[in-house]
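What follows is a short report on a single structure.
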Amino acid sequence: ITQLRTEHIPLAAYLHRFNLAESPTCQQCLEGTETVAHYLKNCKAYKKQRRALKFAIGQATDVGTHLLGTRKNMRHILKYVHDTKRFAKSHGDLRLEPQAQQSRAIDPDDETQAGITWG
């Protein structure tokens, strides 16, 4: 989440800044610069996953980088990231542990527990 918030994550635009990618263009859809905003909101390669995210956060809520600033959307964003498999190679499995989901209710507004483990 921090890498997405700060845009220091291995997307083409970031990697291109350091000559680690040939182009800043999204290699998933080949349309536009692959930034965090593009990844979350516009990339056509993740249309199905974005639709599931929109359903989870509420149809009236726009998908965009503003979601990264709210704790209540963190688990939905991580599910989106996991479902797209975009960072599986660099970050591993980014899902909530099934036990964490089932064993205790997670208050989305609780600032002390995120209920998140990193793979």
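So which residues in region 1-54 are open to solvent by 70 Å² or more (accessible area, probe 1.4 Å), touching a residue at least 12 places away in the same chain (Cβ under 8 Å) and in a loop (DSSP other than H, G, I, E, B), if there are any at all? 7, 27, 28, 31, listed by residue number. Return a yes/no flag: does region 89-105 have any residue that is at pLDDT 85 or above, assigned to a helix (DSSP H, G or I), out of contact with any Asp or Glu (no Cβ under 7 Å at 6 or more places or on another chain) and open to solvent by 80 Å² or more (accessible area, probe 1.4 Å). Yes, that holds for at least one residue. Name, by its number, the condition in (1) modelled with pLDDT of 95 or more; (2) of a type outside the set (D, E, K, R); (3) open to solvent by 30 Å² or more (accessible area, probe 1.4 Å) that does not hold for residue 84. Only one criterion is unmet by residue 84, namely (3).
Among the residues of region 66-80, the ones that are under 16 Å from residue 49 (Cβ atoms), more than 9 Å from the chain's Cα centre (by Cα) and open to solvent by 30 Å² or more (accessible area, probe 1.4 Å) come to 1 in all.
The values are calculated or read from the model by the stated rules, or taken from the named source; none is laboratory data. If you're wondering where the values come from, they're calculated on a predicted model, not measured in any experiment. Note: ideal-geometry Cβ built from the backbone for every residue, glycine included; neighbour counts use all protein chains shown. Note: areas computed on protein heavy atoms with side chains; ligands, DNA, RNA excluded. Shrake-Rupley method; radii C 1.70, N 1.55, O 1.52, S 1.80 Å.
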